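Before any comments, here is the structure.
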Amino acid sequence: MALEQLSEVVQRCQALADDSYTTEDHDIFTIAGRTCIEEGNSVQVLSIVLDEKNQDMVRCMGWNLLPPLIQVLLKKEDKNLPQCLAIFNHLLETCRPKELLIGLLELLEQDAPDMIAESLHLLLKPLQKVLLGLGSRKASSLGMVLSSVLDQVAKLPLPHTKEQEEDDVFSFCRCCIDMIDFVRPFVQEVGHNLLNNKMQNETTKKTVGRQEKDKEDELQTELLKFCMKCLSHPLLEVQLKDPDTLALSPLRTFASEILNILSSIGESLSGLVHRPLLKRKQVPGFLEEEVRYPKESLASLAHLVFVHHLAANTFPTVFSPVFSLRCNIEHASLLLSRNEESKLQKGLELYEKSLVRVEDSSLPADLLEIKAFLAVPQNLIKVMTICPKHELRTKGLKVFQLSIDKFNTKAKYRFFQYMLKTSNHSGVEGYIIKNIKNQIDIALQPGNSNAWFEGVQLLPLLRKVLSLPDGPETDLLQYLDRVMESLNLLRYLVIRDKVTENQTGIWTELYKIEDTFMKPLRVGLNMSRAHYERELQSTMETKKSKAKESVISVSVGDEKLPNMTPESQVQALHSALHTFDMIESVLVRIEELIEVKDSL
């Protein structure tokens with residue numbers, strides 16, 4: 001029945017001009033033709049499609065046969081595969097590019113991961129051929145196709161391990177390579193046009209070439225958008241494997257190709273990486289700066305160059321390590337402000353690689369006036385304290401210390417002041433105080449004297465360190481790290497600095513320290529110990545009465561202990577009392593040392 005209907009509409013349309021086919025002709029041809037292919041009559045459809053008398057009709061309506069043809073081609077094992085492939089190829093040669101483009105794009109949309117990869121692999125070559133047939137009108141169509149392709153690829157699971165990349169179960173890596181093959185002729189066209197424009201004289205550029213140049217810019221813009229999107233996804237979300245880990249890495253190859261495309265279409269990789277500092281120029285085209293060069297994409301590019309050393313040979317050697325750090329800290333700040341572990345890891349890696357190239361104790365205090373140099377440490381603190389992944393927390397601490405090591409003494413001093421004021425985390429404050437102690441120790445070594453970690457300049461920092469945030473009522477368990485490091489610093493100063501020399505100023509400041517730190521600390525210890533001893537006694541009595549449940553108000557830091565068995569509560573309370581004993585033992589030792597020193 002369908003074959004008869006198809007034959008009838010074909011005979012009727014043979015006598016008509018291609019612009020006079022009715023809507024009914026289109027509908028019958030589409031429904032009957034598709035049904036014939038679905039029912040296995042592909043041989044007859046192929047005969048009709050190849051008939052010379054039907055070429056005007058095929059040119060006008062043939063693209064409607066694409067859906068069932070693609071289904072057969074995707075199945076591969078269908079007995080009608082050769083005939084369907086022949087029909088498909090003839091339609092590509094005969095039909096109008098605009099209709100083919102619409103039809104192929106509709107068929108590109110899939111949901112199942114296995115079908116997404118197969119559909120892309122099958123249709124990208126035909127789409128490339130159709131686009132090349134559009135001539136100078138292809139830029140917007142190319143952008144539409146690339147957007148659809150990237151949307152499809154984004155549905156595929158990412159390979160995170162070496163084994164997943166090698167096995168490529170969902171063909172994600174193959175899709176990446178297919179995309180590179182797809183854009184290659186368009187990249188070559190832009191490169192050829194750029195070369196021609198360079199060779200033209202100024203007169204030609206201003207007259208004959210102006211309109212053509214605008215079209216070239218559109219094609220260049222679409223390829224730039226594609227590269228920027230690829231840098232953001234997938235390249236910002238996957239971890240590339242080093243050649244030692246995976247010699248032939250499709251993802252690494254894909255990243256290299258994206259950078260090559262950027263260079264080929266006239267983008268300077270060093271200019272893109274250093275964009276935060278270099279003077280921005282007005283870029284022709286309809287894209288605004290932030291849209292044309294998304295910050296996340298530029299951060300991903302910087303990571304590929306400085307961490308994986310892709311396209312590193314294209315970078316000028318004139319840029320100093322400090323200049324590169326200035327640029328990369330903007331990228332690192334962006335990445336470290338995100339929540340995704342992949343972006344946090346890349347931010348840490350980029351910042352670390354930028355720092356290691358800088359000489360120790362060389363960065364001036366002026367850099368701390370730049371927002372990113374203060375924002376990054378705050379983001380590092382978040383990574384160190386709340387990131388669920390242990391490896392990232394450890395890495396964050398390592399990079400945090402590395403950044404401290406690169407500052408000169410004045411910068412370290414100001415950095416410590418800023419962190420003590422803003423960190424709001426006892427562990428971080430304790431770590432900063434430990435660094436202050438190390439810097440004082442260096443300053444007290446023979447020949448290492450400096451103006452910032454001894455004498456008058458040091459005293460404001462010591463006053464900040466040797467104090468209790470809330471006086472005697474300070475929660476000593478919450479601020480344990482800070483309190484212990486403050487005591488260790490005070491003990492070190494009393495032992496290391498002689499009363500007669502007073503290099504740090506500790507001995508003239510000691511009476512103030514006793515009033516603002518040591519005495520309030522002792523009062524706080526007595527109050528805390530009394531509170532926890534009462535709670536311990538109450539819990540022990542509850543335990544003796546063999547109550548099934550016990551809910552008591554016991555606080556550790558600002559947190560109330562959850563409902564626990566009496567045994568667990570007793571253990572927690574004993575631990576708190578032991579902590580107070582530990583603090584007091586250090587405090588007593590300091591008081592004894594002061595007494596001995598004063599008596600000398």
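The values are calculated or read from the model by the stated rules, or taken from the named source; none is laboratory data. The model shown is predicted, which means the values in this text are computed figures rather than measured ones. Every residue, glycine among them, receives a Cβ derived from its backbone with ideal geometry; neighbour counts consider all protein chains shown. For the accessible areas, the whole protein counts, side chains as well, though only heavy atoms, and no ligand, DNA or RNA atoms are used. Shrake-Rupley method; radii C 1.70, N 1.55, O 1.52, S 1.80 Å.
Quick one: pull the percent of accessible area on region 242-361 belonging to carbon and sulfur, 1.4 Å probe, ligands and nucleic acids left out.
Accessible surface attributable to carbon and sulfur in region 242-361 totals 50 percent.
Which listed residue (397, 436, 28) has the Cα farthest towards the positive end of the charge dipole for the chain, taking +1 on Lys and Arg C-beta and -1 on Asp and Glu C-beta about the Cα centre?
After comparing all options, I get 436.
Can you list the aspartates and glutamates whose alpha carbon is less than 17 Å from that of residue 410, not counting same-chain residues fewer than 8 positions off?
359, 360, 366, 369, 441, 454
Is the shape of region 348-433 rounded, prolate or oblate, going by the alpha carbon gyration tensor and its root eigenvalues a ≥ b ≥ c, with a/c under 1.5 for rounded and a/b larger than b/c for prolate?
oblate
Considering only DSSP states other than H, G, I, E and B, which chymotrypsin sites (Phe, Trp or Tyr not before Pro) in region 282-383 qualify as loop sites with at most 11 other Cβ atoms within 10 Å?
Filter output for region 282-383: 286.
From the residues 70, 238, 478, which one has its Cα farthest along the dipole of the chain in the positive direction, the dipole being from +1 and -1 charges on Cβ of Lys/Arg and Asp/Glu about the Cα centre?
478
Using the crude model of +1 on Lys and Arg Cβ and -1 on Asp and Glu Cβ, and no other charge, please compute the dipole size for region 347-483 relative to its Cα centre, in debye to 20.
In debye, rounded to 20, region 347-483 gives about 240.
Return one number: the angle in degrees, 0 to 90 and rounded to the nearest 10, between the long axis of the Cα atoms of helix 23-38 and the longest principal axis of the Cα atoms of the chain.
80
Using the Cα gyration tensor of region 45-167, with a ≥ b ≥ c the square roots of its eigenvalues, what is the shape: rounded (a/c below 1.5), prolate (a/b larger than b/c) or oblate (neither)?
Oblate.
Could you provide, to the nearest whole Å², the per residue accessible area of region 103-208 with probe 1.4 Å?
Result: 50 Å² of accessible area for each residue.
With angles folded into 0 to 90 degrees, how steeply does helix 250-264 sit against the dominant principal axis of the chain? Use alpha carbons for both and round to 10.
Its long axis makes an angle of about 80 degrees.
Using the Cα centre of the chain as origin and beta-carbon charges of +1 (Lys, Arg) and -1 (Asp, Glu), tell me which of 502, 313, 11 is placed farthest towards the positive end of the dipole.
It is 502, whose Cα lies furthest towards the positive end.
How big is the charge dipole of region 227-270 about its Cα centre, in debye rounded to the nearest 20, if each Lys and Arg gets +1 on its Cβ and each Asp and Glu gets -1 on its Cβ?
Computed charge dipole of region 227-270: roughly 80 debye.
Please identify every one of the GluC sites (Glu not before Pro) in region 217-326 that sits in a loop by DSSP and has no more than 12 other beta carbons within 10 Å of its own beta carbon.
288
Would you kindly work out the equivalent ellipsoid of the chain from its C-alpha gyration tensor and give its semi-axes, the square roots of five times the eigenvalues, largest first in whole Å?
Over the Cα atoms of the chain, the semi-axes work out to 71, 33, 17 Å.
Please compare each pair in 382/512; 295/412; 353/434; 225/389; 125/225; 75/343 to a cut-off of 31 Å on the Cα-Cα distance and tell me which ones are over it.
382/512; 225/389; 75/343
Calculate the dipole size of the chain relative to its Cα centre from +1 charges on Lys and Arg beta carbons and -1 charges on Asp and Glu beta carbons; express the result in debye to the nearest 20.
Here the size comes out at about 2040 debye.
Under the rule of -39500 (n - 2.57) per DSSP H run of 4 or more residues, summed and divided by the residues of the chain, what mean residue ellipticity at 222 nm is obtained, to the nearest 500 deg cm²/dmol?
-22000 deg cm²/dmol
Output the 0 to 90 degree angle, nearest 10, between the alpha-carbon long axis of helix 97-108 and the longest principal axis computed from the alpha carbons of the chain.
With rounding to tens, the tilt is 50 degrees.
Longest span of the chain, sites excluded, free of trypsin sites (Lys or Arg not before Pro) in DSSP loop with at most 10 other C-beta atoms within 10 Å?
Maximal segment without exposed cleavage sites: 282-545.
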